[in-house]
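Remarks on the structure that follows.
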Amino acid sequence: MGLQEQLMYKNRLQEYAQRSAIQLPMYKTVNEGSQHAPKFRSTVVVDGQIYTSSNTFLQRKIAEQDVSKLALEHISKKIKDEICPLTTLICENTVFCKSILNEFAVKMNLQKPIYNTVQREGLPPVFISSLVFNGVCYNGEPGRNKKEAEQLAARVVILSHLGESGSGIILSEIIKSKGKLYAALHKVKDRSHANISAVPQGPSIRAMEVAIPGASSSQAVNLQSGFVPVDLPEPLIVGPSSSKKRQKNQEEADKKLQYDTQRVLDIIEAGRLSLAALPMTQAPPSSLA
């Protein structure tokens with residue numbers, strides 16, 4: 001084992017810890033032999049995992065390099081086991097590929113990728129993007145627009161680095177982080193759609209209908225079609241003896257009915273239908289003589 005190879009594994013393990021923002025490796029090396037015939041065996045703790053070399057060596061440094069190599073091999077295997085779901089995530093959702101690659105470049109102290117996107121002639125339009133990353137040129141698959149083409153080119157770089165033991169570790173952590181963000185965004189989006197499309201049942205609200213004050217149950221507003229019956233019955237008025245007062249109360253009830261109906265239509269038009277937004281009040285009853 002040459003000097004350069006002796007220093008390689010321990011340095012690579014330390015770089016992995018630094019880039020993963022975890023505690024640096026902690027070594028414990030013991031001499032299982034005698035002072036004149038030493039047998040050094042080394043143990044290292046990385047990210048809560050303990051690795052112990054199965055071999056003994058005459059020199060302490062070589063023993064530490066051997067256990068560092070053992071730790072890196074186990075970490076690389078762990079990454080490869082995680083590559084399959086990560087690859088599926090990247091292939092199915094390219095929306096974060098450029099963001100992943102930019103963050104990867106920052107953590108690896110590399111220059112951010114430079115994209116070159118061209119549009120091919122023909123209908124429908126097709127865009128092809130290529131990029132240069134760490135001195136290597138990568139070509140992406142055709143996209144429907146410039147943005148999609150650049151995401152596809154970034155995906156090629158990501159997939160090519162996932163299998164590497166050093167950079168692949170950092171890249172996999174970034175992908176998992178973006179995957180959690182993507183899932184959270186979808187959860188919020190699904191919840192928003194549910195609030196718009198689903199109306200809970202209540203005394204004045206049924207599955208997909210909103211009851212209009214003064215209207216019968218068969219003349220409710222259908223939210224799916226946005227249809228409001230034209231011939232709404234007049235609110236029930238307990239009339240006073242004065243016809244003028246009765247007429248005034250009826251006009252106020254009509255105005256309230258028109259206002260509530262317009263609010264429902266505005267909510268449907270804006271796509272903001274929710275239980276809290278719907279009018280819950282009924283037309284005020286007229287006063288008794």
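First select every other residue whose beta carbon is under 10 angstrom from the beta carbon of residue 90; then total the charges, Lys and Arg +1, Asp and Glu -1.
Values: positive: 155, 178; negative: 92.
Charge balance near residue 90 sits at +1.
Could you do me a favour and compute the accessible area per residue for region 143-183, 1.4 Å probe, result in Å²? Provide the component values of the computation, followed by the final result.
On the way: 1700 Å² over 41 residues.
Counting only protein heavy atoms, the per-residue value for region 143-183 is 42 Å².
Could you provide, to the nearest whole Å², the per residue accessible area of region 1-126 with probe 1.4 Å? Provide the component values of the computation, followed by the final result.
Details: 8220 Å² over 126 residues.
In whole numbers, region 1-126 has 65 Å² accessible per residue.
Ordered by packing density, taken as the mean number of other Cβ atoms within 10 Å over each peptide's residues, highest first, how do 100-107, 55-62, 71-78 rank?
100-107, 71-78, 55-62
Whose amide H sits under 5 Å from the amide H of residue 94, counting only residues 5 or more places off or on another chain, with H placed in the peptide plane?
Excluding prolines and chain starts, which carry no amide H, there are no hits.
Determine the shape class of region 59-119: with a ≥ b ≥ c the square roots of the Cα gyration tensor eigenvalues, call it rounded for a/c under 1.5, and otherwise prolate if a/b is greater than b/c, oblate otherwise.
Verdict is oblate for region 59-119.
In a shell of Cβ-Cβ distance under 13 Å around residue 33, excluding residue 33 itself, what net charge do Lys and Arg (+1) and Asp and Glu (-1) give? Write out the running numbers ahead of the final one.
On the way: positive: 39, 41, 60; negative: 32.
That sum, taken over residues with Cβ under 13 Å, equals +2.
Apply the Karplus parameterisation 6.51 cos²θ - 1.76 cosθ + 1.60, with θ equal to phi minus 60°, to every residue of region 10-19 and state each ³J(HN,Hα) to the nearest whole Hz, in sequence, with x for glycine and proline.
In residue order, the calculated couplings are 5, 5, 5, 5, 5, 4, 4, 5, 5, 6 Hz.
Rounded to a whole number, what % of the accessible area of region 4-102 do carbon and sulfur atoms account for, probe 1.4 Å? Please list the in-between numbers first.
Values: 3040 of 6000 Å².
That share works out to 51 percent.
Would you pull out the residues with amide H under 5 Å of residue 145's amide H, same chain only if 5 or more places away, H placed 1.01 Å from N?
When sequence neighbours closer than 5 places are left aside, the close amide H contacts are 127.
Excluding residue 252 itself, what net charge comes from residues whose Cβ is under 12 Å from its Cβ, given Lys and Arg +1 and Asp and Glu -1?
Result for the neighbourhood of residue 252: +3.
The values are calculated or read from the model by the stated rules, or taken from the named source; none is laboratory data. No experiment lies behind these values; they were computed from the predicted model shown. We place every Cβ from the backbone using ideal geometry, glycine too, and count neighbours over all the protein chains shown. These area figures cover heavy atoms from the full protein model, side chains too; ligands, DNA and RNA do not enter into them. Shrake-Rupley method; radii C 1.70, N 1.55, O 1.52, S 1.80 Å.
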